[in-house]
Amino acid sequence: MKTLGHFINGDHTDGGSSRRHDVFNPTTGDVQAQTLLASTDDVTKAIDAAAAAFPAWSKVNPQRRARVMFNFKALVEKDMDNLAKMLSSEHGKTLPDARGDVQRGLEVIEFACGIPHLQKGEYTEGAGPGIDLYSMRQPLGVCAGITPFNFPAMIPMWMFGVAIACGNTFVNKPSERDPSVPLRLAELMMEAGAPEGVLNVVNGDKEAVDALIQDPRVEAISFVGSSDIAQYIYSEGAARNKRVQAFGGAKNHMIILPDADMENAVNQLIGSAYGSAGERCMATPVAVPVGEETADKLVDMLKPKVEALKIGPSLSEDSDLGPLVTAAHRERVASYIQMAVDEGQELVIDGRDFSLQGYENGFFMGGTLLDHAKPEHQSYRDEIFGPVLQIARARTFEEAVALPSDHQYGNGVAIFTRNGDAAREFAARVNVGMVGINVPIPVPLAYHTFGGWKRSSFGDTNQHGPEGVKFWTKIKTVTQRWPEDVQGSDFVIPTMK
Ligand code: NAD
């Protein structure tokens, strides 16, 4: 059985812990490897390596740091097929989705290649007589990223790409469910020219996370995962005066106004609700048609498309969606479908009994469609994170604005309409962090910034874009005064030697 350990100070290591976690192939249901779960000692060694690498790396000039990012980008592109296969076979998302996962991470690496410009400070000449002010953005030191199973390439790259480009050193604690891609990315970062210790990976669970939180040398933590753990990490980290951003769960809504191009809205909804088996924080698990006529039409148009979804092995190029990540997660999703039925929702299509011939032990689930979800239903309030679309019918535009605005999560929302005025009003008023107008999954590009509101985000600084540079650096402001009167002194203009 293959064992996946850690990557510390430029090398693979098994560390000292014997605790292990099974890594499945979700398509077959087989255990394909085991991850070693780091002990506090293993994490301390990773932090030692990052702390030792920091003084030299933080002094490397920004052009050279950018060059490492350019090299890394080229190496990841060259390794794309290998990374996508590795990712798909541990996560269960299809190969095109796996390539997308790598690609969206690479876009942040491209952004980080601009670090010489992004990290420039500000300067005010003549703020007073002989007084100038300047500010500089300095790296923080050892930084940590704790990442979820559902984007094992993109989210680590979002974090370490910007953090390392800013001159920090990094420890990534990926999900124990799909650890191979983060380990491979660390190898590629070394190959790209980052010195040993600049990027380390420790696999593990709560023990490893707590070790990162408790070590005073870790200056900043970025977390992405479920909300209860996000809140725990935010409060524990902040109590130790660390800089923390912690992104949590989601339940994104797609509003469909009566004037929308229904064919387009339905096609987009199918991709955003069921793509990647619904295991995306920017998936659209709730559709909000406005008016009964729109709702009935939506259900009629969705039904044949949900039934026609091609569910297959993750490595098959033909599959629209693959299996869920683990059997335990599939059970959880199935129990939410039952809860929705018990709460009175209409089960239009039930995906629970789906089984794929030849892969009967795989963690597959068919697309499920539920109608008449209501704000008081727990299955509507909670994140399900599976191939399940709930329809929450709204009578008016006001009700459609209220549903996502009043929901506990506020990651993303979309509106489909031809009416610019209604779209503009919706975008301005809705209490959600990322809004799509005729765009179902409004993930902002790398040079803008990603982050939700309410229980989707704890902390006040978003991922990547200028906010990312702000998160991974601290600002220092210098006020300098030089006497204007230089008469009498030997004033020699320095020359280049
Ligand atoms: P998770 O919360 O189970 O795990 C996330 C990370 O926390 C992993 O590294 C895991 O090992 C660690 N962890 C697990 N239990 C812990 C504990 N008790 N104490 C400390 N650390 C612990 O999340 P997941 O299932 O891997 O990922 C799916 C979740 O992530 C969904 O809720 C999804 O919405 C969310 N997500 C959010 C965003 C966003 O940007 N808001 C993006 C992607 C995923």
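The values are calculated or read from the model by the stated rules, or taken from the named source; none is laboratory data. Fair warning: this is a prediction, and the values are worked out from it, not measured in the lab. Cβ: placed from backbone, ideal geometry, glycine included. Neighbour counts: every protein chain shown. The protein model used for the area step is the full one, side chains on, heavy atoms only, and it has no ligands, DNA or RNA in it. Shrake-Rupley method; radii C 1.70, N 1.55, O 1.52, S 1.80 Å.
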From largest accessible area down, sort Ile47, Ile270, Ile437; use a 1.4 Å probe on the protein chains. Ile437, Ile270, Ile47
What nm value, rounded to one decimal, do you get for the distance between Lys374 and Asp342 when each label is placed 7 Å out toward the C-beta? 1.7
Rel. contact order, % - alpha carbon contacts under 8 angstrom, at least six apart, the range 253-437: 28
Rounded to 5, the percent of DSSP beta bridges in the range 253-437 classed as antiparallel: 15
Between Lys474 and Gln408, what FRET efficiency follows from the Cβ-Cβ distance if R0 is 35 Å, with the result rounded to 0.05? 0.60
For Leu133, the accessible surface traced by a 1.4 Å probe with all protein chains present amounts, in square angstrom to the nearest 10, to 60
Taking the Cα centroid of the range 59-86 and of the range 442-458, what is the distance between the two, rounded to the nearest whole Å? 24
Under 14 Å from a point 7 Å along the Cα-to-Cβ line of Gln231: which residues of the range 397-434 have their amide N that close? 408-410
Quick one: length gained pulling Asp300 to Ile131 fully straight, 0.36 nm per residue minus the C-alpha distance? 53.8 nm
Where a ≥ b ≥ c are the square roots of the eigenvalues of the C-alpha gyration tensor, would you call the range 253-437 rounded, which needs a/c under 1.5, or, failing that, prolate if a/b is larger than b/c, or oblate? prolate
Once Cys281, Cys166 are ranked on solvent-accessible area with the largest value leading and a 1.4 Å probe, the list reads Cys281, Cys166
Spin-label point model (7 Å from Cα, Cβ direction): what's the Ala239 to Asn361 distance in nm? 4.3
Amide H contacts under 5 Å for Ile255, placed H, 5+ residues apart: Val288, Ala414, Ile415, Phe416
The correct ranking of Glu176, Glu90 by accessible area at 1.4 Å, largest first, is Glu176, Glu90
Going by amide H atoms built from the backbone, whose H comes under 5 Å of the H on Val171, apart from near neighbours? Cys143, Ala144, Gly145, Asn200
Just for the chain, what percent of DSSP beta bridges are antiparallel, to the closest 5? 45
What FRET efficiency comes out for the pair Asp210/Ala427, r = Cβ-Cβ distance, R0 = 30 Å, nearest 0.05? 0.15
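When ranked by the protection proxy of mean other Cβ atoms within 10 Å per residue, highest first, what sequence do the peptides 64-70, 94-100 form?
In descending order of packing, they fall as 94-100, 64-70.
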Amide H to amide H under 5 Å from Phe354: which residues, 5+ apart in sequence or cross-chain, H placed 1.01 Å off N in plane? Gly366
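Quick one: if the Förster radius is 56 Å, what FRET efficiency do Asn264 and Arg481 give, using the C-beta to C-beta distance and rounding to 0.05?
The pair Asn264/Arg481 has a calculated efficiency of 0.35.
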Rounded to the nearest Å, what's the spacing between the alpha carbon centres of the range 323-400 and the range 102-139? Just the number, please. 46
What is the percent carbon and sulfur in the accessible area of the chain, measuring with a 1.4 Å probe over the protein chains and ignoring ligands? 50
Directionally averaged projected area (convex hull, Cα atoms, the chain), nm²: 27.2
Per residue, accessible area of the range 122-253 with a 1.4 Å probe, heavy atoms of protein chains only, in Å², comes to 29
How much of the calculated P(r) for the range 403-457 lies past 12 Å, in percent of all Cα pairs? 63
